[in-house]
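The values are calculated or read from the model by the stated rules, or taken from the named source; none is laboratory data. Note that this is a predicted model, so its numbers are computed, not measured. Virtual Cβ from ideal backbone geometry, glycine too; neighbours counted across all protein chains shown. We work out accessible area using only protein heavy atoms, side chains counted, and drop any ligands, DNA or RNA first. Shrake-Rupley method; radii C 1.70, N 1.55, O 1.52, S 1.80 Å.
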Amino acid sequence: LDVTLSPNPSLTFRTIGGILDFYLFMGPTPENVVQQYTEAIGRPHMPAYWALGFQLSRWGYGSLDVLKATVDRMKHYGIPYDVQHYDIDYMERRLDFTYDKVNFAGLPEFMKEMKKNGKHNVVILDPFITKDEEPGTYRPYDLGQQMGVWINNSDGVTPAVGQAWPPGDSVYPDYTNPRTVEWWTQLCLEFKDVLDYDGIWIDMNEPSNFMRGQYPGCADNELNNPPYTPSISDRSLAEKTLCPDSKTYLGDHYNTHSLFGWSQTEPTFNAVQQATGKRAFVLSRSTFVGSGKHGAHWLGDNFSQWKDLRRSIVGILEFNLFGMPYIGADICGFNYNTTYELCLRWMQLGSFYPFSRNHNAEGNSEQDPAVFGDTFAKISRDILRIRYTLLPYLYTLFYESHVYGGTVVRSLMHEFTSDKETHGIDTAFLWGSAFMIAPVLEEATRSVTVYFPEAEWFDYYSVLPSAWTKTYATVPAPLYKIPLYIRGGYILPMQSPGTTTTQSRMYPFGLLVCLDKNGQASGSLFWDDGESIDTIEKGAYLLIKYTYSNVSGNI
């Protein structure tokens, strides 16, 4: 199947057959459409409060010493930072459920120390398991073999064997099989006793295979070579994955391929909740309809290029429509070396991604916000302090999304639908209804042209009303500043920022009240302990609604 969108507007579905069920969500507003859609597919999960803090990652720290030096310089500059991710280089020879006891000797103690300092740890796990270790020496494979949890070849009996990160050849767990869920849960729970993780990042779960199909190649049949193949890599359904005629518990891989990441997400979510006793953090590269109910997503392996910085806005807007509001892109870019200015502008934009993580590929130069020197660190610290100040507002938006199913980040068109000028704008976006972010997206640029729809708009930095309404304006954006605006008529809950959410949650609250032209404003604050499971369902929370009127002069 492929689907083509044209500006007519029209949709073209091209398929070789099957049953097509169409669901129409009638709105009438864009927000209503998303609410109706998530009512059908499952509401977005409620993230832990710490998951809204800034996160740091790198494939290629190479050793615990390099990681410690990174953490130390972040601390030196006082840059807010809540979560450390551990990519595959923490593993022993890239084997799941292990850690490198040479280059990362002392990792369990280091992770406990991070937690003592109010931070959280997220470890990566890949979905392929090497079959070529000495028998009896690698429990994940031995147990999986015993329990019969792998995707099989077309004969339905022998495991499909491909190649991936671990040494030797790999087999692939079939997460549609209840036995696989038991196996995975058991291993995740056991691993918690080795590394004290708070969340799990599941990567490569398309599933990724470094070959075209498994050994010895795909048979020439209608599943592997259907009459029509969409415009995908090499026009082959098996390219960098398994043969479509492979067998899963639910049927042919041809029918279940797109469900691989989705089927891994919920068991991982449940395993993390079981292991930690707290709200789960699961970050998945592969997603499907309904993945937002249990997982977060990032926009994949982007590049350190200005066009990727700009495109990331489109991605976060789209995934909010898809019912996955906890979404972000790799800040400063994953592939290629970043530059000072690109990374600085990306830190400014990325500070307003719902999922805010700086991540980098092996072999590239370091790009954490503390590595570029004093000026860069200060600018990054200042912008992240704005994020942390507004976290009570962002957290309240996630509550509303979890309960009512709407977006957290949305386009101007979403709020000002009748204003045709907003329909093509994908260079600025809103948190909820009230907070506009207008980033710099081009090199050597020190101003931004911003469209202000019909409303009162207040500059975030000065809290002074602007004169602009239903018009474009060019606003200054020196290197140290990202333009930010608050819409009149709204009350935003705030909190003094700390260097972790553990710290900032102890600090005083405030309210930012911006009046509309009638002298009125309203808003709300959702608050709970930030980490317990199902606080909303159990009623263990505080929800405050605020209103202000010039007439009464009281909130």
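Couple of notes before you dig in:
- A simple charge model with +1 on the Cβ of Lys and Arg, -1 on the Cβ of Asp and Glu and nothing else charged puts the dipole of the chain at about 1600 debye relative to its Cα centre.
- Positive-pole candidate from Ser466, Ala40, Asn270, dipole of the chain, charges at beta carbon: Ser466
- Centroid-to-centroid separation of segment 420-443 and segment 215-230 [C-alpha atoms, Å]: 44 Å
- The residues of segment 418-555 have, on average, 49 Å² of accessible surface per residue, using a 1.4 Å probe with all protein chains present.
- Vicinal HN-Hα couplings computed from phi for segment 530-540 (Karplus, 6.51 cos²θ - 1.76 cosθ + 1.60; Hz; Gly/Pro x): x, 8, 6, 7, 6, 4, 5, 5, 8, x, 8
- Relative contact order of segment 132-206, defined on C-alpha pairs under 8 angstrom at six or more residues apart (%): 26 percent
- Only the Cβ atoms of Lys and Arg (+1) and of Asp and Glu (-1) were treated as charged; on that basis the dipole of segment 1-141 about its Cα centre amounts to roughly 420 debye.
- Gyration tensor (alpha-carbon) shape descriptor, segment 21-146, a/c threshold 1.5: oblate
- 14 Å beta-carbon shell around Glu531, net charge (K/R +1, D/E -1): +1
- Members of Lys75/Lys470; Lys75/Lys101; Lys116/Lys538; Lys112/Lys307; Lys192/Lys538; Lys112/Lys378 lying beyond 32 Å, as alpha-carbon distances in this model show: Lys75/Lys470; Lys112/Lys307
- Among 474-486, 74-86, sorting by the average number of other beta carbon atoms lying within 10 angstrom of each residue, highest first, gives 74-86, 474-486.
- Efficiency of FRET between Arg311 and Ser10 - r from beta-carbon atoms, R0 22 angstrom, step 0.05: 0.40
- Unit charges on C-beta of K, R, D, E only; dipole of segment 260-395, Debye: 420 debye
- Taking label points 7 Å from Cα along the Cα-to-Cβ direction, Val475 and Leu189 give a separation of 5.2 nm.
- Label point of Arg93 set 7 angstrom out along Cα-Cβ; within segment 174-193, no amide nitrogen lies under 13 Å from it.
- Cβ-isolated cysteines (cut-off 4.7 Å), the chain: Cys188, Cys514
- Under 11 Å from a label point set 7 Å out along the Cα-to-Cβ vector of Leu143, the amide N atoms of segment 176-209 belong to 182-193.
- All other residues whose Cβ lies under 9 angstrom from that of Pro80 are scored, Lys and Arg at +1 and Asp and Glu at -1, for a net of +2.
- Against the empirical 2.2 N^0.38 Å (N residues), the chain has a Cα radius of gyration ratio of 0.99.
- By definition, a body whose alpha carbon gyration tensor gives a ≥ b ≥ c is oblate when a/c is 1.5 or more and a/b is not larger than b/c, and segment 430-554 fits this oblate description.
- Antiparallel beta bridges, as assigned by DSSP with both residues in the chain, represent about 65 percent of the total such bridges.
- Cβ-based net charge around Gly333, under 15 Å, with every Lys or Arg adding one and every Asp or Glu removing one: -2
- Peptide ranges 516-522, 216-222, 365-371 listed from the most packed, as the mean C-beta count within 10 angstrom indicates: 365-371, 516-522, 216-222
- The string of couplings for segment 512-529 from the Karplus curve (6.51, -1.76, 1.60, θ = phi - 60°) is 9, 10, 10, 7, 7, 5, 8, x, 10, 7, 8, x, 8, 9, 9, 8, 9, 7 Hz, one whole number per residue in order, with x for Gly and Pro.
- Relative protection proxy for 454-463, 308-317, 403-412, 530-539, from highest mean packing down: 403-412, 308-317, 454-463, 530-539 (other beta-carbon atoms within 10 angstrom).
- Mean residue ellipticity at 222 nm, helices only, the chain: -8000 deg cm²/dmol; runs of at least 4 DSSP H residues each add -39,500 (n - 2.57), and the sum is divided by the number of residues.
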